[in-house]
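Chemist: First the structure, then my questions, so here it is.
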Amino acid sequence: MARTLNPEALLPLLRTLSDGAWHSGERLAADAGITRAALSKRVHRLLDLGLEIETQPGRGCRLVQALDLLEPDLIRGHLPAAWQDHLGLQVLCSTDSTNARLVEADIAADPQALLAEHQTRGRGRQGRAWHSPFGANLYLSLAWTFPQWPPQLTALSLAAGVVVAEALDALELPAVHLKWPNDLWHKDAKLGGILIEQRGEAGGACRVVLGLGLNVSMQAATDAQISQVWTSLAEAVAGRPPSRNLLAAQVLGRWCDLLQRFSHEGFGPFVAGWRARDLTRNRAVRIEQDATEIHGIARGVDDDGALLLDVDGERRRILSGDLRLRLTP
Ligand code: BTN
């Protein structure tokens with residue numbers, strides 16, 4: 001019976017091909033110590049993952065677009081010194097969902113980060129899929145265990161968004177806005193989103209997995225229906241996007257600092273940062289939850305991260321949950 005090739009076995013070949021130059025099949029097979037037939041199988045597996053590869057008799061093959069692959073050593077090297085030896089870090093070629101993998105990972109290895117070049121079942125909020133084409137974006141998760149339940153845990157995803165926006169500022173990228181509860185927007189389109197999954201017992205330890213999907217150089221989504229208007233960092237900078245390795249290190253270092261601080265101080269130190277980037281403040285919005293819609297004017301967030309919404313002259317407090325916020329035209 002034919003065995004399915006583990007995608008991780010493709011990484012050495014991908015590293016060679018990542019320069020976008022031509023590589024002869026003979027050389028590639030010899031370097032990997034495999035037969036030409038086995039090489040052809042690996043190339044087909046890369047095509048299955050959505051990579052565009054050109055082959056020509058006599059020249060071999062090449063990636064149609066050069067790739068800036070994620071490299072754990074580079075990411076670690078750019079982490080703040082305090083986390084370099086204390087954060088577990090792994091990069092996968094392909095997985096179902098980095099959040100799903102960390103939810104199931106051994107808690108004893110926390111804090112641990114997982115990144116992937118490609119996700120087959122990337123998860124978004126409210127059970128939606130997160131389109132995760134190969135090598136184009138950042139798909140990153142961080143698992144963290146709080147020994148005690150932290151204050152204002154429901155606001156953690158808001159604080160996580162503030163810190164991602166600060167990471168982009170530190171790399172001198174265009175300023176982004178935050179759309180409650182945890183979207184990153186640039187101009188009028190979604191640039192990224194955060195999904196937090198949590199497990200814990202009242203009065204005991206609490207484990208969170210923070211997941212970030214950030215569009216870096218994604219082109220028009222051909223095989224997926226993305227249900228909202230989206231943009232990418234490449235579009236935001238109108239040119240060459242920043243290195244994903246640098247971005248990953250910036251976000252992970254800041255997320256670790258945030259989680260350490262949040263465990264004692266909750267959302268307090270991050271509220272002002274959130275308010276300064278609030279996309280919907282004083283704008284007409286609607287909240288969709290199941291079959292219900294509430295229309296109102298957004299008035300920012302309170303100190304616990306709840307959305308304040310004026311509905312027919314009455315102020316309501318909306319807690320993040322299984323709901324969606326949309327700007328109304
Ligand atoms: C949203 O719906 O806006 C949140 C999207 C979060 C996507 C990221 S990609 C890395 C991590 N792994 C997942 O399966 N989801 C999150």
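The values are calculated or read from the model by the stated rules, or taken from the named source; none is laboratory data. Since the model is a prediction, treat every value here as computed from it, not as a measurement. Every residue, glycine as well, gets a Cβ built from its backbone with ideal geometry; the counts of neighbours run over all protein chains shown.
Chemist: May I ask you to verify whether Val311 is β-branched (Val, Ile, Thr), under 19 Å from Leu158 (Cβ atoms) and more than 19 Å from the chain's Cα centre (by Cα)? Reasoning before the result, please.
Modeler: Numbers: β-branched (Val, Ile, Thr): yes; under 19 Å from Leu158 (Cβ atoms): no; more than 19 Å from the chain's Cα centre (by Cα): yes.
No: the conditions fail for Val311.
Chemist: On the given criteria, is Asp278 over 21 Å from His186 (Cβ atoms) and either in contact with a Phe, Trp or Tyr (Cβ under 9 Å, 6 or more places away or on another chain) or not aliphatic (A, V, I, L, M) (or both)?
Modeler: no
Chemist: Residues to consider are Ala248, Ala236; find the one that is away from the ligand (no atom under 16 Å from the Cβ), buried (at least 18 other Cβ atoms within 10 Å of the Cβ) and of a type in the set (Gly, Ala, Ser).
Modeler: Going through Ala248, Ala236 in turn, just one is away from the ligand (no atom under 16 Å from the Cβ), buried (at least 18 other Cβ atoms within 10 Å of the Cβ) and of a type in the set (Gly, Ala, Ser): Ala236.
Chemist: Considering only residues that are at pLDDT 95 or above, over 20 Å from Gln219 (Cβ atoms) and either in contact with a Lys or Arg (Cβ under 8 Å, 6 or more places away or on another chain) or more than 9 Å from the ligand (Cβ to nearest atom) (or both), which ones fall in segment 109-130?
Modeler: Ala109, Asp110, Pro111, Gln112, Ala113, Leu114
Matching residues to (1) within 13 Å of the ligand (Cβ to nearest atom); (2) under 24 Å from Asp303 (Cα atoms); (3) polar (S, T, N, Q):
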position: Ser132; (1), (2), (3): yes, no, yes
position: Tyr139; (1), (2), (3): yes, no, no
position: Leu142; (1), (2), (3): yes, no, no
position: Phe146; (1), (2), (3): no, yes, no
position: Ala167; (1), (2), (3): no, yes, no
position: Glu172; (1), (2), (3): no, no, no
position: Glu197; (1), (2), (3): yes, yes, no
position: Met218; (1), (2), (3): yes, no, no
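Chemist: Which residue pairs have Cβ atoms closer than 7 Å, lie 6 or more positions apart in sequence or on different chains, and pair a first residue in segment 294-315 that is closer than 15 Å to Leu178 by Cα with a second residue that is hydroxyl-bearing (Ser, Thr, Tyr)?
Modeler: Between residues of segment 294-315 that are closer than 15 Å to Leu178 by Cα and residues that are hydroxyl-bearing (Ser, Thr, Tyr), the close pairs are Ala298/Thr280; Gly305/Thr154.
Chemist: Out of the residues in segment 199-215 meeting the condition of being of a type in the set (A, V, I, L, M), within 16 Å of the ligand (Cβ to nearest atom) and more than 27 Å from Thr328 (Cα to Cα), tell me which one is surrounded by the most Cβ atoms within 10 Å (Cβ to Cβ). Walk me through how you get there before you give the answer.
Modeler: As a first pass, look at segment 199-215 and keep what is of a type in the set (A, V, I, L, M): 202, 205, 208-210, 212, 214.
Then drop every residue that is not within 16 Å of the ligand (Cβ to nearest atom), which leaves 208-210, 212, 214.
Okay, now just the ones that are also more than 27 Å from Thr328 (Cα to Cα), so 208-210.
On the way: Val208: 24, Val209: 24, Leu210: 28.
The residue in question is Leu210.
Chemist: Kindly indicate the residue of segment 288-308 that is among the hydrophobic types (A, V, I, L, M, F, W, C) and farther than 21 Å from Leu153 by Cβ and also surrounded by the fewest Cβ atoms within 10 Å (Cβ to Cβ) among those meeting that condition.
Modeler: Taking segment 288-308 and keeping what is among the hydrophobic types (A, V, I, L, M, F, W, C), we get 291, 294, 297-298, 301, 306-308.
Still in the running and farther than 21 Å from Leu153 by Cβ: 291, 294, 297-298.
Values: Ala291: 5, Ile294: 15, Ile297: 16, Ala298: 23.
The residue in question is Ala291.
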